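Here the structure comes first, spelled out in structure tokens, and everything after it is commentary.
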Amino acid sequence: MDRIRIVGGNVLHGTIPISGAKNAALPLMIASLLTDETLTLDNVPHLADVEQLIRILGNHGVDYMVNGRREGDGQSYARTIHFSAKNIVTTTAPYELVSKMRASFWVIGPLLARMGEAKVSLPGGCAIGTRPVDLFIEGLAKLGAEIDIDNGYVVTRARKGLVGNRFAFPKVSVGATHVLMMAAALAKGETVLENAAREPEIVNLADCLNAMGARISGAGTPTVTIEGVTALHGARHAVIPDRIETGTYAMAVAMTGGDVLLEGARADLLENALDVLVQAGAEITPTNSGIRVRRNGAGIAAVDVTTEPFPGFPTDLQAQFMGLMTKAKGKSRITETIFENRFMHVQELARLGAKISLAGQTAIVEGVPVLKGAPVMATDLRASVSLVIAGLAAEGETTVHRVYHLDRGFERLEEKLSHCGAVVERVSE
């Protein structure tokens with residue numbers, strides 16, 4: 001099993017290309033199930049989760065083709081993938097596939113809408129909370145689906161098709177908003193989703209569905225309206241740049257000092273997180289080619305944050321920000337409101353010398369002048385990269401084990417950091 005070795009102490013200088021967003025690519029790929037024509041997606045990242053979803057879609061009969069590199073690509077990692085779901089051969093998504101990645105459960109919406117039935121295993125994924133599927137089930141039932149739970153599977157039927165309706169989410173859910181938006185695109189009549197998620201990935205999916213012939217308005221606001229159509233056609237659409245990867249590398253620069261251009265990044269996708277970094281002492285400058293991040297020698301200021309649905313501070317940047325705060329001057333309070341079990345990185349950061357105490361949903365981080373390298377263990381995707389951020393500033397050598405978590409969401413992380421002067425390498429055991 002691979003591990004990542006880091007020798008801390010180097011500042012970062014140069015350019016880091018930002019990949020396509022994993023959290024946008026996955027629902028876009030699943031949307032290919034809604035049409036018998038080809039959906040072409042540009043800027044798809046090469047990640048373990050993307051490859052796993054390709055296998056899951058293949059189980060349903062989806063063919064795919066990946067474009068090779070083109071002249072002048074340079075160090076671009078983006079891929080173009082063509083998905084064709086002309087013939088769906090099964091509407092069952094088995095446990096052995098779905099249990100490996102939570103987002104694969106989302107196939108339930110398109111399969112039900114297009115085929116009138118779906119049998120999907122209850123999901124797996126990172127162990128950062130229960131993340132129940134009750135909102136998915138309630139929403140699909142509102143659209144007229146008959147739903148049973150049978151031996152760990154959600155079995156849904158809508159033999160005469162789904163019917164538009166009004167559904168108010170009792171709490172904001174990105175996944176359920178994705179699924180209901182896809183399902184409602186082929187429902188009869190109008191669907192109105194209230195208290196819908198507002199994340200940029202929701203907007204990216206709505207734009208793609210509209211390019212396929214859907215009629216969706218209001219994406220990015222709390223109220224999304226979908227006027228159902230009888231069929232969707234093929235389209236070509238680009239995955240937005242990854243705002244979580246952008247924030248992660250911005251925090252790495254803030255942690256180590258230096259001057260880095262995050263090429264292709266969009267500031268409008270994570271304004272709150274960038275504002276927080278400015279408060280912590282980083283200089284953030286949006287440019288025509290991305291976002292420039294710098295930090296002078298003034299040190300890192302302690303800042304309190306609370307995770308919230310978009311446009312608030314993202315839960316997917318909470319662990320990385322905690323890594324940054326381990327070397328801040330003073331105490332910071334980080335409150336996690338989205339997932340109840342997302343502080344598993346605390347004990348691993350403590351192995352590097354961090355001073356962190358927990359009080360319910362809040363972590364109190366007392367910055368220390370020096371972190372020291374040590375062997376650490378990644379516990380989930382975002383926690384793993386928080387250890388990398390801390391390791392970049394720690395004295396000596398840090399070894400991060402279980403890096404398969406990193407490979408789920410960060411494309412060639414060690415290459416991107418080493419090109420900017422970090423001493424980071426992947427070591428095969």
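Just one of the numbered conditions (1) over 19 Å from L26 (Cβ atoms); (2) within 24 Å of the chain's Cα centre (by Cα); (3) touching a residue at least 24 places away in the same chain (Cβ under 8 Å); (4) surrounded by fewer than 17 Cβ atoms within 10 Å (Cβ to Cβ) is not true of L122: (1). Within the set V62, V66, V98, the sole residue that is surrounded by fewer than 18 Cβ atoms within 10 Å (Cβ to Cβ), touching a residue at least 12 places away in the same chain (Cβ under 8 Å) and not small (G, A, S) turns out to be V66.
Scanning segment 375-429 for residues that are small (G, A, S), surrounded by 17 or more Cβ atoms within 10 Å (Cβ to Cβ), modelled with pLDDT under 95 and outside any helix (DSSP H, G or I) returns A378, G409. Among the candidates A127, A85, the residue that is in contact with an Asp or Glu (Cβ under 9 Å, 6 or more places away or on another chain) and either farther than 22 Å from A31 by Cβ or modelled with pLDDT under 95 (or both) is uniquely A127.
Sort out which residues of segment 308-356 are in a helix (DSSP H, G or I) and closer than 19 Å to V276 by Cβ, and write them in order of number. Spell out the reasoning first.
So the first thing to find is which residues in segment 308-356 are in a helix (DSSP H, G or I), and the list is 315-325, 346-351.
Across segment 308-356, the qualifying residues are T315, D316, L317, Q318, A319, Q320, F321, M322, G323, L324, M325, L349.
Residues in segment 17-67 that are farther than 23 Å from A185 by Cβ and either within 14 Å of the chain's Cα centre (by Cα) or among the β-branched types (V, I, T) (or both): I18, S19, P45, H46, L47, A48, D49, V66. Could you tell me whether G58 is at positive phi, in contact with a strand residue (DSSP E or B) (Cβ under 8 Å, 6 or more places away or on another chain) and not hydrophobic (A, V, I, L, M, F, W, C)? No; evaluated as a whole, the condition is false for this residue.
I'm checking my understanding of the structure. Among residues of segment 353-395 that are more than 18 Å from G247 (Cβ to Cβ) and of a type in the set (D, E), which one is nearest to the chain's Cα centre (by Cα)? Checked segment 353-395; the qualifying residue nearest to the chain's Cα centre (by Cα) is E366. Close contacts from segment 6-31, counting a first residue that is closer than 17 Å to F83 by Cβ and a second that is of a type in the set (G, A, S) and assigned to a loop (DSSP other than H, G, I, E, B), with Cβ to Cβ under 7 Å and a gap of 6+ residues or different chains, come to G20/A78; K22/G409.
Restricting attention to segment 237-259, the residues that are part of a helix (DSSP H, G or I) and touching a residue at least 60 places away in the same chain (Cβ under 8 Å) add up to 13.
If you go through segment 154-176 and keep only what is touching a residue at least 60 places away in the same chain (Cβ under 8 Å) and either in a strand (DSSP E or B) or closer than 18 Å to G228 by Cβ (or both), you end up with L162, G164.
The residue that is nearest to N10 (Cα to Cα), among those in segment 361-371 that are touching a Ser or Thr at 6+ places or on another chain (Cβ under 9 Å) and either at pLDDT 95 or above or small (G, A, S) (or both), is L371.
Could you tell me which of the residues A273, A197, A265 is outside the structural domain of F136 (by TED's automatic domain parsing), within 22 Å of the chain's Cα centre (by Cα) and in a loop (DSSP other than H, G, I, E, B)? Explain how you work it out, then say what you get.
Working: A273 fails: in a loop (DSSP other than H, G, I, E, B); A197 fails: outside the structural domain of F136 (by TED's automatic domain parsing).
The match here is A265.
The values are calculated or read from the model by the stated rules, or taken from the named source; none is laboratory data. Since this is a predicted model, take the numbers as computed values, not measurements. When we count neighbours, we look across all protein chains shown, and the Cβ atoms used for this are built from the backbone with ideal geometry, even at glycine.
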